[in-house]
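Before any comments, here is the structure.
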Amino acid sequence: MTAATATTECLVTLIVNGERVARGVPARQHLIDFLRLDLGLMGSHAGCEHGVCGACTVRVDGAIVRGCLVLAASLDGRTVETIEGVSDTGEIRDLQDAFIAANAAQCGFCTPGMLITAADLLNCNPAPTREAIRETISGNYCRCTGYQAIVDAIEATAKARAAVGGKS
Ligand code: FES
Ligand code: FES
């Protein structure tokens, strides 16, 4: 058996933002590069490319992952959701509106990953404390905002959802 090289192509079929995608991908291409370069989904960002900054955060089968740590070739048959997908469905509209209202996005580089992470938090814990919010987003680096406005926006979203009886 011959070992895969960086240029070995693997055929993968997956669902990305609700659409079936079948592509040949280099064996060592990371998901974030596949999304950005092959599919043109530029919303998720590549920052550190070492699993540290969180800019590349997306969902695979509903769980948040770092797109720079996952090989696209390993995702055959899986479901991927990016910031484009969750924006188009309206799932996080209120969270996005809260980010705008709180001025929680400045340069915007961290924002897609931050939103995906925040949405996951609110799905798991609809009423997080500010400390829990800070803990959850501690793996998503923001160089602009100082985090206060981001925590405010996530907390405001949680409270608004609670006020209307909870929203997933
Ligand atoms: Fe993936 Fe920084 S680019 S964690
Ligand atoms: Fe610029 Fe967060 S808004 S890095």
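Hey, can you tell me all the residues within the range 60-82 that are within 15 Å of ligand 1 (Cβ to nearest atom), buried (at least 16 other Cβ atoms within 10 Å of the Cβ) and either of a type in the set (A, V, I, L, M) or in contact (Cβ under 8 Å) with a residue 40 or more places away in the chain (or both)?
If the condition is that a residue be within 15 Å of ligand 1 (Cβ to nearest atom), buried (at least 16 other Cβ atoms within 10 Å of the Cβ) and either of a type in the set (A, V, I, L, M) or in contact (Cβ under 8 Å) with a residue 40 or more places away in the chain (or both), then Val60, Ile64, Val65, Val70, Leu71, Ala72, Val80, Thr82 are the ones that fit.
Can you report the number of residues in the range 39-59 which are among the aliphatic types (A, V, I, L, M), open to solvent by less than 50 Å² (accessible area, probe 1.4 Å) and within 14 Å of ligand 1 (Cβ to nearest atom)?
Of the residues in the range 39-59, 3 are among the aliphatic types (A, V, I, L, M), open to solvent by less than 50 Å² (accessible area, probe 1.4 Å) and within 14 Å of ligand 1 (Cβ to nearest atom).
Within the range 131-168, track down each residue that is more than 23 Å from Cys107 (Cα to Cα) and not acidic (Asp, Glu).
Within the range 131-168, the first condition is being more than 23 Å from Cys107 (Cα to Cα), and the residues that meet it are 131-132, 158-168.
Across the range 131-168, the qualifying residues are Ala132, Ala158, Lys159, Ala160, Arg161, Ala162, Ala163, Val164, Gly165, Gly166, Lys167, Ser168.
Being within 17 Å of the chain's Cα centre (by Cα) and in a loop (DSSP other than H, G, I, E, B) is the filter here; which residues of the range 17-38 pass it? Show your work before the answer.
Of all residues in the range 17-38, those within 17 Å of the chain's Cα centre (by Cα) come to 17-18, 30-37.
Hits for the range 17-38 are Asn17, Gly18.
Quick check on my filter: what residues within the range 116-159 are within 11 Å of ligand 2 (Cβ to nearest atom), in contact with a helix residue (DSSP H, G or I) (Cβ under 7 Å, 6 or more places away or on another chain) and within 18 Å of Cys48 (Cα to Cα)?
Ile137, Asn140, Cys142 - these are the residues of the range 116-159 that are within 11 Å of ligand 2 (Cβ to nearest atom), in contact with a helix residue (DSSP H, G or I) (Cβ under 7 Å, 6 or more places away or on another chain) and within 18 Å of Cys48 (Cα to Cα).
Looking at this structure, is Arg93 closer than 30 Å to Gly24 by Cα and away from ligand 1 (no atom under 16 Å from the Cβ)?
Details: closer than 30 Å to Gly24 by Cα: no; away from ligand 1 (no atom under 16 Å from the Cβ): yes.
No: the conditions fail for Arg93.
The values are calculated or read from the model by the stated rules, or taken from the named source; none is laboratory data. Nothing here was measured: the structure is a model prediction, and the numbers come from that model. Because the Cβ atoms are built from the backbone with ideal geometry, glycine has one as well, and the counts that use them run over all protein chains shown. Accessible surface is based on the protein model in full, side chains and every heavy atom, while ligands, DNA and RNA are left aside. Shrake-Rupley method; radii C 1.70, N 1.55, O 1.52, S 1.80 Å.
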